[in-house]
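Worksheet: the structure to be examined is printed underneath.
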Amino acid sequence: MIRHLVHLRFRGDVDAATKQALYDRLDGLADRIDGIEDFQHRQNVSVETPLVRGFLDMFWFDFRDAEVRDAYLVDEVHQAIGADIVACVEGGAEGVFVCDIEL
């Protein structure tokens with residue numbers, strides 16, 4: 001299993017409703033891509049503020065395997081959602097940090 005973690009540094013003017021709409025769209029990918037085992041999103045509650053560097057929001061997908069992750073990466077709906085996320089974070093792609101781990 002692959003856990004795909006995405007940390008986000010949203011701009012200050014992006015409200016909770018906008019964030020939730022993005023997360024709802026991401027969650028809908030499970031109906032489109034076979035092998036998405038789970039989707040979650042959370043706020044970063046770390047007290048290590050200097051190390052957080054403004055990455056206060058995150059989400060993750062659990063994919064059955066690397067093939068599912070790779071299908072997700074090239075999926076056109078995912079890419080459209082990703083573009084909308086990048087438009088909402090500080091510094092464009094600089095406001096996104098991605099990490100994949102094997103479980």
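No lab work stands behind these numbers, since they all come straight from the coordinates. If you're wondering where the values come from, they're calculated on a predicted model, not measured in any experiment. Backbone-built Cβ (ideal geometry, glycine too); neighbour counts: all protein chains shown.
Taking springs between alpha-carbon atoms closer than 10 angstrom, which of 73, 26, 51 fluctuates most in the Gaussian network model of the chain?
Most flexible of the set in this elastic network: 51.
Rounding to the nearest 20 debye, state how big the charge dipole of the range 2-102 is about its Cα centre with +1 on each Lys and Arg Cβ and -1 on each Asp and Glu Cβ. Write out the running numbers ahead of the final one.
Working: 10 positive and 21 negative charges, 83 e Å.
For this selection, approximately 400 debye.
As I understand it, the value is the acute angle between the Cα axis of helix 16-27 and the longest principal axis of the Cα atoms of the chain; what does it come to in degrees, rounded to 10?
20
For the chain, which GluC sites (Glu not before Pro) pass both filters: DSSP loop (anything but H, G, I, E, B) and at most 12 other C-beta atoms within 10 Å? Please report the intermediate quantities before stating the final value.
Details: sites: 37, 48, 67, 76, 90, 94, 102; in loops: 48, 90.
Answer by residue number: 48.
Want the number for residue 45 to residue 27: 0.36 nm per residue separation, take away the alpha-carbon distance, what's left?
Details: separation 18, 0.36 × 18 = 6.48 nm, distance 2.20 nm.
Gain on stretching residue 45 to residue 27: 4.3 nm.
Divide by every residue of the chain the summed helix terms, -39500 (n - 2.57) for each DSSP H run of at least 4, and state the resulting mean residue ellipticity at 222 nm, rounded to the nearest 500 deg cm²/dmol. Show your work: numbers first, answer last.
Numbers: 4 runs with 38 residues, N = 103.
Calculated from helices alone, the mean residue ellipticity at 222 nm is -10500 deg cm²/dmol.
Please give the length that would be gained between residue 52 and residue 37 if that part of the chain were fully extended, namely 0.36 nm times their separation in residues minus their C-alpha to C-alpha distance (nm, one decimal). Can you show the working numbers first?
Working: separation 15, 0.36 × 15 = 5.40 nm, distance 2.76 nm.
Taking 0.36 nm per residue and subtracting the Cα distance, the gain is 2.6 nm.
Using a Förster distance of 30 Å, how high is the FRET efficiency between residue 65 and residue 86, based on the Cβ-Cβ distance and rounded to 0.05?
Numbers: r = 26 Å, r/R0 = 0.88.
About 0.70, to the nearest 0.05.
Using only alpha-carbon positions, what ratio does the radius of gyration of the range 17-103 give when scaled by 2.2 N^0.38 Å?
Working: Rg = 13.5 Å, N = 87, 2.2 N^0.38 = 12.0 Å.
Normalised Rg, Cα atoms only: 1.12.
Return a whole-number percent for the relative contact order of the chain, with Cα pairs under 8 Å and 6 or more residues apart as the contact set. Intermediate results must be reported in sequence, preceding the final value.
On the way: 152 pairs, mean separation 49.8, N = 103.
With pairs under 8 Å counted, the relative contact order is 48 percent.
By the scheme Lys and Arg +1, Asp and Glu -1, what is the net charge of all other residues having a beta-carbon under 13 Å from that of residue 60? Numbers along the way, then the final one.
Numbers: positive: 3, 42, 69; negative: 27, 37, 38, 57, 62, 100.
In short, -3.
Within 10 Å of each residue's Cβ, count the other Cβ atoms and sort 9, 64 from fewest upward. Numbers along the way, then the final one.
Details: 9 19, 64 13.
Exposure proxy ranking, most exposed first: 64, 9.
What angle do you read, to the nearest 10 degrees and between 0 and 90, between the alpha-carbon axis of helix 76-88 and the longest principal axis of the chain?
The two axes meet at around 0 degrees.
Name the residue from 23, 50, 10 whose Cα lies farthest towards the positive end of the charge dipole of the range 1-65, charges +1 on Cβ of Lys and Arg and -1 on Cβ of Asp and Glu.
50
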